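Notes to accompany the following structure.
The values are calculated or read from the model by the stated rules, or taken from the named source; none is laboratory data. Bear in mind that the values here come from a model prediction, so they are computed numbers and not experimental data. Using ideal geometry, Cβ is built from the backbone for each residue, glycine included, and neighbour counts are taken over all protein chains shown. The area values use the complete protein model at the heavy-atom level, side chains included, leaving out ligands, DNA and RNA. Shrake-Rupley method; radii C 1.70, N 1.55, O 1.52, S 1.80 Å.
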Amino acid sequence: MADENAPPGKALPGLPGPPPPGASALPPGTYDGTVVLVTGGGTGLGKAIAAEFARLGADLVIASRKEDRLKAARDELAALGGRVTAAVCDIRDPGRVAEAFDAAGEAYGLPDVLVNNAAANFPVPAEDMSPGAWSAVVDTTLTGTFLMTREFGRRHLAAGTPGAIIDVGASYAWTGGPGFAHSAAAKAGVKSLVETLAVEWGPYGIQVNGLVPGLMPHGDMTAEIRGNLDRARGVHDHRPADDMSARQPALRVGLPRELGWAATFLASPYARFITGHTLVVDGANWQRRGVVSPPVTTVREQLGRGRFEG
């Protein structure tokens, strides 16, 4: 992506790439003897977060509704050297949530760190969204996060022990998310939970923080989300469909391990005075604004849908 003001023949560099896989800013063994529970830990960004905790010595509990994905992830994460157990859990069900914490306790003890990564999402114009579609996303993303958080908090309050919670959010909690009204509303609720519970539970030694990923492509992205990205790149940019970096101020996309590094810092002993904060890891993309606003296209156009017929 060239700049007309740049020296001839020299392209803009963008933000430098991160260190290689396996690197960490934290000392080896930072999480020795620490139990970390990650929801949605069997795939995608959840698995990437779990991997960084594993590299630093944590005992992992990964939770998901899909047992086959959990088994594959468990084997992959165990190869990093830590102990890993898997718990099949529907986070929308309080009973199953309690069972997941019981399983964690039987395996390693009460989790010291909870990462609420599990969520549901798909693009849809608000006028086309059914009540069931709304509930499917809000019940998982917001209610499920609350139920996991509540169970974690209650158990630590009863035991008189400190803990750390990280809720994976989204930048449209601040800005709104056209085409994702259900998810944007749910993630705004998650952000509010972070800020509310940090105050409520701080006196008991429980930190609550949020973590927002930018564009970090991975093999587990849904076909709908990937198709939406392809439409935005190919139709609006007139660039090859595999060129995702040109729309980022960093001139590159993020790597899943960069989110994992941020998570391990927020839950670490080196971040004890950070609570009620949501950290955005997206190369400033969510703050991007043009000097001249582009032409407005409706969400229906962007998603390739025809006129709304009612």
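Summary of computed values
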| item | result |
| --- | --- |
| Inter-residue pairs, beta-carbon under 7 Å, first more than 22 Å from V253 (Cβ to Cβ) and in segment 284-310, second open to solvent by 60 Å² or more (accessible area, probe 1.4 Å) and not aromatic (F, W, Y), 6+ apart | V299/P178; G304/R231; F308/E127 |
| Tally, over segment 290-310, of residues that are of a type in the set (S, T, Y) and loosely packed, with under 10 Cβ neighbours inside 10 Å | 1 |
| Some residue of segment 178-185 being over 24 Å from E301 (Cβ atoms) and under 19 Å from the mean Cα position of the chain (by Cα) | no |
| Unmet requirement for D230, which otherwise passes all of (1) at negative phi; (2) at pLDDT 75 or above | (2) |
| Residue match in segment 63-79 (condition: open to solvent by 20 Å² or more (accessible area, probe 1.4 Å) and farther than 18 Å from G40 by Cα) | yes |
| Qualifying residue in segment 99-106 (condition: touching a helix residue (DSSP H, G or I) at 6+ places or on another chain (Cβ under 7 Å) and closer than 19 Å to G41 by Cα) | yes |
| Matching residues in segment 196-213 - criterion: being touching a residue at least 40 places away in the same chain (Cβ under 8 Å), more than 14 Å from the chain's Cα centre (by Cα) and under 14 Å from L142 (Cβ atoms) | L197 |
| Test: residue in segment 246-269 that is open to solvent by 40 Å² or more (accessible area, probe 1.4 Å), hydroxyl-bearing (S, T, Y) and in contact (Cβ under 8 Å) with a residue 60 or more places away in the chain | no |
| Set P131, P162: member being at pLDDT 95 or above and closer than 30 Å to G310 by Cα | P131 |
| Wholly within segment 113-226, helices (runs of 4 or more DSSP H) carrying at least 2 residues that are surrounded by fewer than 14 Cβ atoms within 10 Å (Cβ to Cβ) | 131-138, 145-159, 181-201 |
| Residue check for T34: open to solvent by 10 Å² or more (accessible area, probe 1.4 Å), farther than 19 Å from P111 by Cα and in contact with a strand residue (DSSP E or B) (Cβ under 8 Å, 6 or more places away or on another chain) | no |
